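Values quoted throughout were computed directly from the atomic coordinates according to the rules given, and no laboratory measurement underlies them. What you see is a predicted model; the values in this text were computed from it and never measured. Here the Cβ positions follow ideal geometry from the backbone for every residue, glycine too, while neighbour counts run over all protein chains shown.
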Amino acid sequence: MHLKKILRCLRHTDEPPVALDIIGGKEIESQRSVSEKGSQWLQFTAAISACLAVIGCGGHLGWTSPALPYLTGPEMANPITKGEGAWVVSCYTIGGIVGSLLTPLVLDRIGRKYSLLTFALPQVAGWGLIIAAKKLIVLYVARFIAGIGHGGIFNLITIYLGEIADKNIRGALGTFLKVSANIGTLFVTAVGAYMPYWQLNLVSISVPIIFMITFAFMPETPYFYLIKGRTSEAEKSLMTLRRLKNPESVREDIKIMKQAVEEGERNKKNLFKELVRTRGNRRGLLILLGLKATQQFSGHMALVAYTQEIFSHSGSSLPPEQAVVVLGVCQLVAGFVAAGLVDRLGRRFLMLLSGLSAAVALVAVGVFFYLKYHLQADVSSITWLPIAALIAYDVMEVLGIGTLPYVLLGELFPTSVKGTAVALGIVVGSVFASLVGLGFQAMNTTVGIHWTFWIFAICCAIGTLFVYFITPETKGKTLEEIQLKLNPPKSSQPALP
């Protein structure tokens, strides 16, 4: 269905696309004042080019899965310890925190396009340092620098995609983010399964370089030009994105965009104060923190970073390198399925189904390792169980708790504070991911790998309860309706769901 919709959008149409903006918490639609044939192929092209940066981030994120077995193995002259490997994992997410905090410094100064290109440089530098690294400290620095690029790119890409897309394809372009990250992770694990360590690094550095070359030809968003007061350039940008020739075709939409920009600028001086001023924003923050905690403390970061090592514990006849590739393919397919279901079944239902199913899968993995390592039982007949359970976990995680927090992040907050909320979400997610990345090996040593997975399952179950009692359904609702649900009248406060 999504493919058919995209193909329809790419064809020329006599119907002028609808522009949407949010002003003062209300959604406003406008038809172009002048009917003119247009096309949205450049919007898709720009989105695909921009998402090459996200593919690069996914590659860095998944790199530790094939790299750590080599770095800790006998092939290394001076193999690193598991504790040092945990820091190799976490330096990347710590860098992501710094990148998120740096984003506001460049976003409105040099624009969305050049900010994305700027944050791609640390990704390239990170790969360069990994290739050249002879000492562990250089690996730490490389991962930290690459993480700075990750934090900036994930902040900027959501803004860029939202500002270049017409309303009728904005949802489709929004799904590119998670799918692109999964493609990057699958790419690096597949290459790592069949190429030696040094070749893996050389191939991986090509992704951010290709992004920088292709994205240099993509347009800036009209919103940035309006922020700078360059209305004529904003018109040209919007005409380019819609493949139009008559400036009158975009004048009405530019007027609405300008109102939205002016509204945002008025609230810009006290963004953090504005973020906690209203009851709805405070509830949105609570939901954001709860969903980010569920997303990370269910073990997502650990399973991405240590997938190959975890599979090696299973004793399955399927080599860990190949099992990781199978897992990546299933995760990618699940991402496309999630894109097709989110507006049909709703956010709450998918997150509840996802959370419960993921918790059951994690319990199953813990049971296997309890039998194998604690009871010393013969598990040769069920070596398939941890691989099957982890594939089930990854599929269900992508269908809900791993993907939909990004969707809700764009729905729970009004435009005036959305940028701040996105940055805060990335920072909080990076902090939680760092804790999980550092704590995984420590928990395995302290309480055993079986209890590590059971703790992840408990966190997943608690997060599911949080979704049931706290998180509202936003499917099919306008921003105004969502804000009314989050800000019920004092006389009557209906339940959030």
>> Tell me whether the range 416-478 comes out rounded, prolate or oblate; compute the Cα gyration tensor, take square roots of the eigenvalues as a ≥ b ≥ c, and use a/c under 1.5 as the rounded threshold.
In response: oblate
> Any idea what log10 I(q)/I(0) is at q = 0.16, 0.23, 0.29 Å⁻¹ for the range 269-336, Debye with uniform C-alpha scatterers and no solvent?
Replying inline: -0.71, -1.00, -1.17
> Regarding the range 56-140, what are the three Cα extents along the principal axes, ordered largest first, in Å?
Replying inline: 49, 20, 20
> Can you give the percent of C-alpha pairs in the range 380-459 whose distance is more than 17 Å?
Replying inline: 63 percent
> Counting pairs of Cα atoms in the range 275-478, how many percent are more than 31 Å apart?
Replying inline: 21 percent
> Once a ≥ b ≥ c are taken as the square roots of the eigenvalues of the Cα gyration tensor of the range 311-414, is the result rounded (a/c under 1.5), prolate (a/b larger than b/c) or oblate (a/b not larger than b/c)?
Replying inline: prolate
>> With the crude spin-label approximation of a point 7 Å out along Cα→Cβ, what separation in nm comes out for Val329 versus Thr446?
In response: 3.9 nm
>> Using the alpha carbons of the range 38-218, what is the convex hull volume per residue in cubic angstrom, as a whole number?
In response: 106 Å³
>> Given R₀ = 51 Å, what would the calculated FRET efficiency be for Tyr194 paired with Arg344, taking r from the Cβ atoms and rounding to 0.05?
In response: 0.85
> Taking the mean number of other Cβ atoms within 10 Å as a proxy for protection, how do you rank 428-435, 130-137 from highest to lowest?
Replying inline: 428-435, 130-137
> Using the Cα gyration tensor of the range 241-384, with a ≥ b ≥ c the square roots of its eigenvalues, what is the shape: rounded (a/c below 1.5), prolate (a/b larger than b/c) or oblate (neither)?
Replying inline: prolate
>> Suppose the chain between Tyr114 and Tyr373 were pulled fully straight at 0.36 nm per residue; how much longer would it get relative to their current alpha carbon spacing?
In response: 88.1 nm
>> Ignoring solvent entirely, what values of log10 I(q)/I(0) come out of the Debye formula for the range 158-247 at 0.19 Å⁻¹ when each Cα is a single scatterer?
In response: -0.96
>> Report the number of Lys pairs in the range 38-218 whose alpha-carbons are under 23 Å apart, with separation of 8 or more residues or on distinct chains.
In response: 5
